[in-house]
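Before any comments, here is the structure.
The values are calculated or read from the model by the stated rules, or taken from the named source; none is laboratory data. In this text the structure is predicted, and so the values were computed from the model without any measurement. Here the Cβ is made from the backbone with ideal geometry for all residues, glycine too, and neighbour counts use every protein chain on show. In case anyone asks, the SASA skips ligands and DNA or RNA and just uses the protein heavy atoms, side chains included. Shrake-Rupley method; radii C 1.70, N 1.55, O 1.52, S 1.80 Å.
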Amino acid sequence: QVQLVESGGGLVQAGGSLRLSCAASGSRFVIIVMGWYRQAPGKERELVATITRGGRTDYADSVKGRFTISGDIAKNAVYLQMNNLKPEDTAVYYCKSDTYSYASWGQGTQVTVSS
């Protein structure tokens, strides 16, 4: 299993920005994709953004133009820059990594956006 440690969550007013970080360690296999997911109270976990080892990115429609995923998967690090945050972005944000053999999840970091 891969150990994933997230940081950077917090409380911010609507329109503000936050930057999440995720560091991976302990993987026995090559990580091919890393990404961010979120889960709001009473809702299912949903994809926010992913980045492949080759640098290809993908975003949920709800965050396109506001969030940017970046990182160096070869160095097991990924970031999520979140701008123009909205109250509906409030959720626990989870980092995820995928190898060809298994997926791993971080513990999550709370992001709260006040109106």
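Points worth noting:
- Converting phi to 3J(HN,Hα) with the Karplus coefficients 6.51, -1.76 and 1.60 and the offset θ = phi - 60°, region 20-26 yields 9, 10, 9, 10, 10, 8, x Hz in sequence order, with x at every glycine or proline.
- The stretch between A77 and A103, if pulled fully straight at 0.36 nm per residue, gains 7.8 nm over its current Cα-Cα span.
- Taking the Cα centre of region 4-48 as reference, the dipole from Cβ charges on Lys and Arg (+1) and Asp and Glu (-1) amounts to some 40 debye.
- Between amide H atoms placed 1.01 Å from N, distances below 5 Å from V48 occur with W36, Y37, R38, all of them 5 or more places distant or on a separate chain.
- Highest-fluctuation residue, A91, A23, A60 considered, GNM on the chain with Cα pairs under 10 Å: A60
- Derived scalar couplings ³J(HN,Hα) [region 39-54; Karplus, 6.51 cos²θ - 1.76 cosθ + 1.60; whole Hz; x for Gly, Pro]: 9, 8, x, x, 10, 7, 5, 10, 6, 9, 6, 9, 9, 8, 4, x
- 10 Å beta-carbon shell around R66, net charge (K/R +1, D/E -1): +1
- All other residues whose Cβ lies under 12 angstrom from that of W36 are scored, Lys and Arg at +1 and Asp and Glu at -1, for a net of 0.
- Nitroxide proxy distance, nm - points 7 Å out along Cα→Cβ at D61 and N84: 1.7
- For T90, distant residues with modelled amide H under 5 Å away: V113
- For region 42-115, carbon and sulfur atoms together expose 43% of the accessible surface, with a 1.4 angstrom probe and every protein chain in place.
- Per DSSP, loop trypsin sites (Lys or Arg not before Pro) in region 1-82 with at most 14 further Cβ within 10 Å: R28, K43, R53, R56, K64
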